[in-house]
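One structure below.
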Amino acid sequence: CWPLPDTGPLMHGVIQSPQYPQPYPSNLQEQWDLSVPEGYQIRLTFTHLDIEASAGCFYDALTVLYDTKILGKFCGHENSADGHHPGNQPILSPGNRLTLMFQSDDNNPERHQNVGFSAQYQAIDMDECSAPEPEDGSGPLCSQICLNTLGSYLCSCHHGYELRPDQRSCVLSCDGGIFDETEGHLFSPGYPNPPHHAVSCQYIISVESGFAVVLNFTDNFHIESMDTEQGPNCPHHWLQVTLSDREPMKLCGGKSPGLIHTNSNTVTLDYHTDNEGLSKGWSLDYSTYRVKCPLPSNVTKGKVTPILTEYFYRDYIYVRCDQGYKLMMDGQEVEGFSTMCQSNGQWHLPLPECHIIDCGEPEPLLNGGVTFLSGFQNQYRSIVQYHCNEPFYSLLGGINVVFTCEADRKWRSNNDIVVSPTCIPVCGQPTKLISTYQR
Amino acid sequence: IIGGSDAPDYTIPWQVLLNIDGGRGGGMVIGDRWIMTAAHVILKKGNQASKEAVRMYMGLTNFNSLTASPVYAASIHIHPEYNNPTDVNFNNDIALIKLQDSLTFNSSVMPICLPPEGATYITGVMGLVSGFGITEIDGRSISTNKMKYVQVPVVEQETCSNSITLSKKTRDSVPSLSNNMFCAGVPEGGKDSCQGDSGGPYALRDNGRFWAAGIVSWGVDCGKQGTYGVYTRVTNYMDWINKTMQEN
């Protein structure tokens, strides 16, 4: 003999009496031990049974047992008047085992023509969840939700609860929730049903700095309160809303607070009930929006872009000066300017000023000078005129040379000339001529 | 200046008085850094005066060496073809002096114009010659510290040439007249430039402006009948003048 390979329990099979469909021998004592995987039952269905009939199946019989419990003892055939035939009804084992014992005696062996039996068996998934509660007082398989699976079952819990390590009972669970998404949904344990026990739950909504949270409670709001002349008081049950740097606010009663603009990026909700009273709880959706910065003021002789009706966190604005003006910050000229709306709702830089540019002193003119025609202190659009010290010098190539302070901070003439003019000497024209009157 | 008059203030503001090792010469202002004169004023018998030796005075009509402030030369540029080791060849008698400091012009000091494009020397046209050279009173040569001037006309080149030829018959070593020279004066004499005026201006006037037509160069005697003053013909040197000033 050698061991058979371990193929594990069979899920189905056929059991037949010895020599079936030939008549079975006399003096038999044969046993079959059937088993299927845990979590399954065995369903046994007879396709044929023909065993010598006797009262109480005393002589020849097929006995079906679950452990020591006899599920049936069969003999006879389908139409026999005596004996006990199983008919077409299958036999279901309470567990994953089943034993068949077949016996025959040695009476009248020459007349013995019964062929025995043939039966099929198969594993049937056991619905543990519909099984009655054990009588040992250990309670149901699952304290809240039972889910049948092939060969097993799973326990699960309602919202606000979580499965204990024993994998069958549930415990209230509402802490440890940090909600950092920009929007979400929160509700009290068991909502809209009241929790069975006192709860003390904390929910923290914490989003990125620069965003503000808006709470939107649904209409179905119920937290036990005590009405006073000053309004509902929340002595035993409450939902406390805490915002940074502000006094906590306790909510209770039967009226939904509706929308609450927290203006904060962190909101802590503490829900407390005791074992007395009844609060059905609450539910809310939260959303977030970027914090606002104040509208930028106008910049004299400058322009703020882009022009929006509101400015939010991370928005940038730029300031440009009108032509002829320069950006000044803290007394220093800057090339360009932009500022960002910060998470605290303030612009990260104050707006600059636009100061009029100046071209500096006009280049002095050798043997000449500069006369201001209009403008102020060499500022933008100031106009100067160069002249030479006449009659000894004259301007090279020009009668009147007028220069204007332009936006590029250069003195330019109408001909777009930047360089200052030149005085050239006047030759051969003495201021006094020799005159003789004598003839 | 023979037969002339004292120049009133501000009438010849381009006149320059040169003093080189005690010798006196003339010059004219042609730019805020440039004086034009005769080469022989600076280069005498082959010896060129150093620039430090050249002292220039301008803006004066009555020269007083004790009070006048000289102007100094930065560089001296004698015409490269001037070659007069024995004082008989005044061809190319022209020189430029660059000043150390720029001049600022006013009524006293003003440049004379260089010859305009197409300038001509028309016989008979009166020109103005001036200087601090010797003058003549009662037939005697007198040194003077007053700037004088006299107006003399441009003389026909052939007339002048004949006059010089005639002089050569009675005198030795009379220089020759070239096309780089012209003559001015009156045939009867009595009006002329003279020693000490060399390098000074002979100015013609067109359209209200005086231009430097000539540089006092040489002559046979001064103011004598039948003789004329000989002047460097400036128009012939415009290229050299412009080139020299641009390159320096």
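Each value in this text was obtained by applying a stated rule to the coordinates, not by laboratory testing. Computed from a predicted model, the values in this text were never measured in an experiment. Every residue, glycine as well, gets a Cβ built from its backbone with ideal geometry; the counts of neighbours run over all protein chains shown.
Here are some notes:
- Formal net charge of residues neighbouring residue B:49 (Cβ-Cβ distance under 14 Å; K, R +1; D, E -1): +3
- Here the simple spin-label model places points 7 Å from the Cα toward Cβ, and for residue B:224 and residue A:69 these points are separated by 17.4 nm.
- Seen from a random direction on average, the alpha-carbon convex hull of the range B:116-221 projects onto 7.5 square nanometres.
- ³J(HN,Hα), Karplus 6.51/-1.76/1.60, whole Hz, each residue of the range A:244-249, x for Gly, Pro: 4, 6, 9, 5, x, 10
- For the range B:6-149, size of Cβ-based charge dipole, Lys and Arg +1, Asp and Glu -1, in debye: 240
- Net charge contributed by nearby residues that have their C-beta within less than 15 Å of residue B:165 (K/R +1, D/E -1): 0
- The range A:36-75-the range B:1-35 distance, computed between alpha-carbon centres (Å): 158
- Rounded to the nearest angstrom and listed largest first, the equivalent-ellipsoid semi-axes of the protein assembly as shown from its Cα gyration tensor are 142, 37, 17.
- Around the amide H of residue A:337, modelled in the peptide plane, lie the amide H atoms of A:319, all under 5 Å away and 5 or more residues distant in sequence or on another chain.
- Beta bridges by DSSP in chain A, antiparallel share as percent, to the nearest 5: 95
- Between the listed residues B:155, B:113, B:63, the Cα displaced farthest toward the positive end of the dipole of the protein assembly as shown, a dipole computed from Cβ unit charges relative to the Cα centre, is found at B:155.
- Largest-first principal axis extents, alpha carbons of the range A:8-163, Å: 75, 30, 24
- Of A:156, A:420, A:188, the one that fluctuates the most in a GNM where chain A has Cα springs shorter than 10 Å: A:420
- Which of A:435, A:211, A:273, positive extreme of dipole for chain A (C-beta unit charges): A:435
- Gaussian network model of chain A, springs between alpha carbon atoms under 10 Å - residue of A:100, A:327, A:366 with greatest fluctuation: A:366
- Residues in the range A:195-210 carry Karplus couplings, in order, of x, 6, 10, 5, 10, 9, 10, 10, 10, 10, 9, 9, 10, 4, 4, x Hz; the curve used is 6.51 cos²θ - 1.76 cosθ + 1.60 with θ = phi - 60°, and Gly or Pro positions show x.
- About the centre of its Cα atoms, the protein assembly as shown shows a dipole size close to 7220 debye [charges on the beta carbon of Lys, Arg (+1) and Asp, Glu (-1) only; nearest 20 debye].
- Annotation: the antiparallel percentage among DSSP beta bridges lying fully within the range A:24-156 is about 100.
- Inter-label distance for residue A:285 and residue A:340, nm, one decimal - labels placed 7 Å from Cα along Cα-to-Cβ: 3.1
- Student exercise, the range A:149-294 dipole from Lys, Arg, Asp, Glu Cβ charges, in Debye to nearest 20: 200
- The shape of the range A:248-352 can be summarised by an equivalent ellipsoid whose semi-axes, obtained from the alpha carbon gyration tensor, come to 48, 12, 9 Å from longest to shortest.
- Compactness of the range B:39-84 is given as radius of gyration and Dmax, 12.8, 37 Å, from Cα positions.
- Counted charge near residue A:254, where neighbours are those whose Cβ lies closer than 11 Å (Asp, Glu -1; Lys, Arg +1): -1
- Amide N of the range A:113-132 lying under 11 Å from the label point, which is placed 7 angstrom from the Cα of residue A:20 along Cα→Cβ: A:115-121
- Under 5 Å between amide hydrogens, built in the peptide plane, is the criterion, and for residue A:357 it picks out A:325, A:326, A:380 among residues at least 5 positions away or on other chains.
- With the simple spin-label model, which puts each label point 7 Å out from Cα in the Cβ direction, the residue A:200 to residue A:79 separation comes to 8.0 nm.
- Least to most buried among A:84, A:77, A:185 (fewest other Cβ within 10 Å first): A:185, A:77, A:84
- Fewest-first ranking of A:155, A:252, using other Cβ atoms within 10 Å as the exposure measure: A:155, A:252
- Selection among B:184, B:50, B:34 by position relative to the dipole of chain B gives B:50 as farthest towards the positive end (Cβ unit charges, Cα centre).
- Calculated FRET efficiency, residue A:30 to residue A:173, Cβ-Cβ distance, R0 = 51 Å: about 0.35 to the nearest 0.05.
- Taken over the alpha carbons of the range A:182-294 as equal point scatterers, the Debye sum produces base-10 log I(q)/I(0) values at 0.14 Å⁻¹ of -0.55.
- Set of the range A:312-341 residues, backbone N closer than 14 Å to the point 7 Å along the Cα-Cβ line of residue A:292: A:312-313
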